[in-house]
1. Out of the residues in the range 44-75 that are within 15 Å of the chain's Cα centre (by Cα) and of a type in the set (S, T, N, Q), state the one that is surrounded by the fewest Cβ atoms within 10 Å (Cβ to Cβ).
2. Every residue in the range 7-43 that is in contact with a Ser or Thr (Cβ under 8 Å, 6 or more places away or on another chain), in a helix (DSSP H, G or I) and surrounded by 14 or more Cβ atoms within 10 Å (Cβ to Cβ), please.
3. Taking the conditions exactly as written (of a type outside the set (A, V, I, L, M) and closer than 30 Å to residue 79 by Cβ), does residue 176 satisfy them or not?
4. Which of the residues belonging to the range 18-50 are touching a residue at least 24 places away in the same chain (Cβ under 8 Å) and of a type in the set (Gly, Ala, Ser)?
5. Pull out all pairs, ordered by first then second residue, where Cβ-Cβ is under 7 Å, the residues are six or more apart or on different chains, the first lies in the range 74-87 and is among the small types (Gly, Ala, Ser), and the second is surrounded by fewer than 22 Cβ atoms within 10 Å (Cβ to Cβ) and in a strand (DSSP E or B).
6. Looking only at the range 44-66, count how many residues are in a helix (DSSP H, G or I) and either in contact with a Phe, Trp or Tyr (Cβ under 6 Å, 6 or more places away or on another chain) or over 12 Å from residue 93 (Cα atoms) (or both).
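The values are calculated or read from the model by the stated rules, or taken from the named source; none is laboratory data. All values derive from a computational prediction rather than experimental measurement. Here the Cβ positions follow ideal geometry from the backbone for every residue, glycine too, while neighbour counts run over all protein chains shown.
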Amino acid sequence: MTHMSDNVKEVSQSLVEMTQLVMPNDTNPLGNLMGGNLMRWMDIAAGICAGRHCEAHVVTACVDHVSFERSIKLGEVVTLKAYATRAFNTSVEIFVEVFASNMKGGRSTKCNHAYFTFVAIDDESKRPIPIPAIEPTSMEEKQRFEAANRRREVRLIIAGRMEAKDAKEVKAYFANS
């Protein structure tokens, strides 16, 4: 199997936009979308984005910085946007933003966001495989790209896979603050 590790892709090549309608069985007794249902939708959108970028099957490795800023009500339309922010050797970070609006499309409000990390898997060996790099083009994409190394170091420290003293990006960030 040939892998795409020498390729470079733009963020727009794997962008995912997914829409869901909040139905009664998606809500809690207060009439709000249950967080677990939203997380499932986010994982699906992020997984599609990661699979498109990697051109391979992917598995969720990590979810971090989940933020619930506004509750989403029964009957609202939820739009999820997933962007590849940075590729590492065999993993890719995906940023997911969640917006809610009424059925007529009005009053779209950002409600939630999170970062997901996926690992690309070879179909036959089920082992991680190299993936294409990301070429950010917009200023926002470049900012997310640059900050991804810091987020990755924090994830590795929390997982016990890196010592805080070895986190160069995190140290540099706080030294410049």
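1. Per the stated criteria, the residue is 67.
2. Passing the criteria: 11, 43.
3. No; evaluated as a whole, the condition is false for this residue.
4. Of everything in the range 18-50, those that are touching a residue at least 24 places away in the same chain (Cβ under 8 Å) and of a type in the set (Gly, Ala, Ser) turn out to be 31, 35, 45, 46, 47, 50.
5. Listed by first residue and then by second, the contacts come to 82/16; 87/133.
6. 6
Conditions tested, residue by residue: (1) hydrophobic (A, V, I, L, M, F, W, C); (2) in contact with a strand residue (DSSP E or B) (Cβ under 7 Å, 6 or more places away or on another chain); (3) modelled with pLDDT under 95; (4) part of a loop (DSSP other than H, G, I, E, B).
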| site | (1), (2), (3), (4) |
| --- | --- |
| 96 | yes, yes, no, no |
| 106 | no, no, yes, yes |
| 115 | no, yes, no, no |
| 130 | no, no, no, yes |
| 155 | no, yes, yes, no |
| 171 | no, no, yes, no |
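Residues are listed down the side, and each one gets a yes or a no for (1) in contact with a helix residue (DSSP H, G or I) (Cβ under 9 Å, 6 or more places away or on another chain); (2) surrounded by 15 or more Cβ atoms within 10 Å (Cβ to Cβ):
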{"site": "77", "(1), (2)": "no, yes"}
{"site": "98", "(1), (2)": "yes, yes"}
{"site": "104", "(1), (2)": "no, no"}
{"site": "125", "(1), (2)": "no, no"}
{"site": "131", "(1), (2)": "yes, yes"}
{"site": "134", "(1), (2)": "yes, yes"}
{"site": "149", "(1), (2)": "yes, yes"}
{"site": "175", "(1), (2)": "no, no"}
